[in-house]
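Step one of this worksheet: look at the structure below.
Each reported figure results from applying straightforward, stated rules to the coordinates on display, with no laboratory input. Worth saying up front: this structure is predicted, and the values here are computed from it rather than measured. Cβ placement follows ideal geometry from the backbone for every residue including glycine, while neighbour counts extend to all protein chains displayed.
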Amino acid sequence: MAALELEVVDLGKRFGDFVALQGVSTKVAAGSFHALLGENGAGKSTLVKCIVGYQMPDEGAILVDRREREIRHPADADALGLGMVYQHFTLAPGLSVLENLVLARPRLPAVLDWAAERARLEAFLDTAPLHVPLDAPVATLAAGQKQKAEILKQLYLDRRFLILDEPTSVLTPQEADEVLGLLHGLTRAGRLSVLMISHKFREVEAFCDEVTVLRRGRYVGRGGVAELGRERMAALMMGSEALPEPPARAARVPGVTRLRVADLAVHDDKGVAAVAGMGFDVRAGEIVGLAGVSGNGQRELVEALLGQRAVAAGVLEVDGAAYRGSRAEIDRAGLASLPEEPLKNACVPQMSVADNLALRSFDRPPQTRLGWLRRGTIRARGRELIAAFQVRTPGPDAPIAALSGGNVQRAVLARELAQPRALLIVANPVFGLDFASAAAIHQRLMAARNAGAAVLLVSEDLDEILALADRVLVISGGRIVHETTPAAADRHTLGRHMAAH
């Protein structure tokens, strides 16, 4: 196996009147580890989908090892040795690793000789740089092992050019460094070329040789990672917009306990305990960051705190009073929230931006009078919040589903923070968002903390937690297993606790 060189020349792609890519050209050298950067809507996903055959470019050329190739279908990319590892796992959880690897082959006999297939896979694993137990059901594997199995699948299928789409979003820091380190070793050995889409500058700086930056569907720059540096890469992504300032943390001593959780138990959708014996508190004027790998009870915890899921046992208190998440209790507590996937969990997609901004108070004066909605008042208030929180929308009457992810987040924050709040619960608030939107939301969270709010930040992004939190808690298996401060935190220690080691 030898690594492939890949080049795109003047690539263009349109969807109706929308230009997703225009004149994009770049090259990934054979045996290199290359990063593809850009904000939301920059064209990164469209570009890699054209490379692996999920979409056909309208113009331009794709060259593999300096020969122009027409890639009309994923099978064409497979035949050329091009593969992709997606952000979310594509393995069948009910099957073993061996079964997943065998069934991934493009051509299979009518009757499988499983003994021969096992012998072939064991011979392959003897030469592979990473190992996963063949007979283990995928559902029993840790996230890092699943990601290794995804990569093994690509190597078993003789991929020599691998595209990684946000490959570490579900991994602990150790797992992320191990997986990327193994791939980096393969590039150095000349066996593989890697093109990685990532928003984590730390990983780009640690593992990538070169970077290509897209902005609004156009190529805007390329160069060595060390040569460009973090500030220049961010500037290329942002264009003429000023780089957002990091959120300023006001010096203050945390105040009274706003949220108290003790011996909490919450069940998942199947009635199995997702949170068990959990306890922590959040005080006024502090951000408590809850770090953990996805699937360790975070979603169920947040839903219980917001009154969307029943509490099986334990204590929930806000300002010393029992709390169960009713609207009256939420109002009395001054609680605001930004749940994960806000378009799904905090909005009515078909309703207008103005109407969504009014969901907290639509049935109260001045937005109602004698039981009737005052449409003019709702629309005027919507315009005020859109301007104050810089929500990019065609207008207050546009359906909120038409907004980008970052602008949906801004709209929900506008609604939740329109009035001073004492308690704020947010979950993965910038997941999948561009650089500018993420920075703006982080500034809003820090401003709420500086104004005296108690903030619970639930995030799978350890960098985000270390940048914002005053205290760091680690959740694993539905329990708090570690507590520290960002100043005293060690990534490897946090990772071990996140993986329950």
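If a/c stays under 1.5 just call it rounded; otherwise compare a/b with b/c (prolate if a/b is bigger, oblate if not). Do that for segment 330-374, with a ≥ b ≥ c from the square roots of the Cα gyration tensor eigenvalues.
It is oblate, given that a/c is not under 1.5 and a/b is not larger than b/c.
What is the antiparallel percent of DSSP beta bridges lying wholly in the chain, to the nearest 5?
Beta bridges within the chain, antiparallel portion: roughly 55 percent.
Taking just the C-alpha trace of segment 82-238, give me its Rg and Dmax in Å.
17.4, 56
Need the C-alpha centroid separation for segment 111-129 versus segment 137-181, integer Å.
One Cα centre to the other: 19 Å.
Rounded to the nearest 5, what % of the DSSP beta bridges within segment 257-498 are antiparallel ones?
The antiparallel fraction comes to roughly 55 percent.
Just for segment 329-461, what percent of DSSP beta bridges are antiparallel, to the closest 5?
Once the DSSP bridges in segment 329-461 are tallied, antiparallel ones form about 25 percent.
Excluding residues on the same chain fewer than 8 positions from Lys146, give the lysines whose Cα lies under 20 Å from its Cα.
The qualifying lysines are none; the list is empty.
Straight distance only, please: which lysines reach the Cα of Lys148 with their own Cα at less than 21 Å, same-chain residues fewer than 8 apart left out?
Lys200
Segment 363-442: which chymotrypsin sites (Phe, Trp or Tyr not before Pro) are DSSP loop and have at most 15 other beta-carbon atoms within 10 angstrom?
Nothing satisfies the criteria.
Only sites in a loop by DSSP and with at most 13 other Cβ atoms within 10 Å count here; which chymotrypsin sites (Phe, Trp or Tyr not before Pro) in segment 165-237 make the cut?
none
Magnitude of the Cβ-charge dipole of segment 119-257, K/R +1 and D/E -1, about the Cα centre, nearest 20 debye?
In debye, rounded to 20, segment 119-257 gives about 380.
Which is the longest run of the chain containing none of the trypsin sites (Lys or Arg not before Pro) found in DSSP loop states (not H, G, I, E, B) with at most 12 other C-beta atoms within 10 Å?
Counting at most 12 other Cβ atoms within 10 Å as exposed, the longest clean stretch of the chain is 108-269.
Explain nothing, just the number: dipole magnitude of the chain about its Cα centre with +1 on each Lys and Arg Cβ and -1 on each Asp and Glu Cβ, in debye rounded to the nearest 20.
It works out to roughly 1440 debye.
Taking only the alpha-carbon positions of the chain and ignoring solvent, what does the Debye formula give for the base-10 log of I(q)/I(0) at q = 0.06, 0.11 Å⁻¹?
-0.32, -1.04
Which GluC sites (Glu not before Pro) in segment 177-257 pass both tests, a DSSP loop state and at most 12 other beta-carbon atoms within 10 Å?
In loop regions of segment 177-257 (DSSP not H, G, I, E or B), the sparsely surrounded GluC sites (Glu not before Pro) are Glu241.
Check cross-link reach from Lys13 to the lysines: straight Cα distance under 26 Å, and skip same-chain residues fewer than eight apart.
Within the straight-line limit of under 26 Å, Lys13 reaches these lysines: Lys27, Lys44, Lys49.
Checking the a/c ratio against 1.5 first, then a/b against b/c, what shape does the Cα gyration tensor give for segment 209-349?
prolate
Using a ≥ b ≥ c from the Cα gyration tensor of segment 1-150 (square roots of the eigenvalues), is it rounded, prolate or oblate, where a/c under 1.5 gives rounded and otherwise the larger of a/b and b/c decides, a/b for prolate?
prolate
Say each of Arg230 and Ser404 gets a label point 7 Å from the Cα, pointing the same way as Cα to Cβ; how far apart are those two points in nm?
2.3 nm
Would you work out which of Leu91, Pro74, Gly144 lies farthest towards the positive end of the dipole of segment 6-238, given +1 charges on the beta-carbon of Lys and Arg and -1 on that of Asp and Glu, about the Cα centre?
Positive-most Cα among the choices belongs to Pro74.
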